[in-house]
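Remarks on the structure that follows.
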Amino acid sequence: MSKRDVDAYIAAQAEPQRGLLKEMRKIILEIEPGLKQVISYGIPAFKLDKEVVCGIAARKKGCSFYPFSASVLEALRADLKDFPQTKSALHFEKPLPKTLVRKLMNQRQVQIMVKAKRK
């Protein structure tokens with residue numbers, strides 16, 4: 001799966017989800033331009049080496065941001081108190097603030113680095 005597959009996923013969505021996904025992808029890649037775009041678990045995801053840093057998906061109403069680790073959401077609970085969420089996803093109907101996305105991605109990348117050091 002590649003950037004082309006992510007493009008196809010986004011293009012297949014209705015508005016406003018299509019626009020939300022495009023904006024979120026732009027924000028994610030501005031924060032970490034070296035991430036590889038893939039489809040993981042059926043949704044657009046962004047990988048650093050072999051580990052997924054985050055993913056985004058369309059929902060019936062709005063979109064979701066997936067940090068691919070429930071502990072990321074738990075660690076940033078205070079920052080996320082105004083956003084609806086499940087155990088594994090943050091839901092939004094307008095693009096998430098870039099500073100929040102950066103915090104989420106940084107938290108996940110720290111987890112990835114700690115995991116790599118344990119090997």
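Would you mind finding the one in Phe46, Phe65 that is crowded, with 20+ Cβ neighbours inside 10 Å and in contact (Cβ under 8 Å) with a residue 24 or more places away in the chain?
Phe65
Taking only pairs six or more apart or across chains, which ones have beta-carbon atoms under 8 Å, a first residue in region 108-119 that is more than 19 Å from Tyr66 (Cα to Cα), and a second residue that is of a type in the set (S, T, N, Q) and at pLDDT below 85?
Close Cβ pairs (under 8 Å, with a partner that is of a type in the set (S, T, N, Q) and at pLDDT below 85) do not exist here.
Which residues, counting only those in region 77-114, are in a loop (DSSP other than H, G, I, E, B), touching a helix residue (DSSP H, G or I) at 6+ places or on another chain (Cβ under 6 Å) and either of a type in the set (A, V, I, L, M, F, W, C) or surrounded by 13 or more Cβ atoms within 10 Å (Cβ to Cβ) (or both)?
Ser88, Pro95
Matching residues to (1) touching a helix residue (DSSP H, G or I) at 6+ places or on another chain (Cβ under 7 Å); (2) of a type outside the set (Gly, Ala, Ser):
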residue	(1), (2)
Val6	no, yes
Glu15	no, yes
Leu21	yes, yes
Met24	no, yes
Ile27	yes, yes
Gly34	no, no
Gln37	yes, yes
Tyr41	no, yes
Ala45	no, no
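Look through Leu100, Leu48, Leu76 and report the one residue that is more than 26 Å from Ala11 (Cα to Cα) and of a type outside the set (S, T, N, Q).
Exactly one residue qualifies, and that residue is Leu76.
The values are calculated or read from the model by the stated rules, or taken from the named source; none is laboratory data. Note that this is a predicted model, so its numbers are computed, not measured. Here the Cβ is made from the backbone with ideal geometry for all residues, glycine too, and neighbour counts use every protein chain on show.
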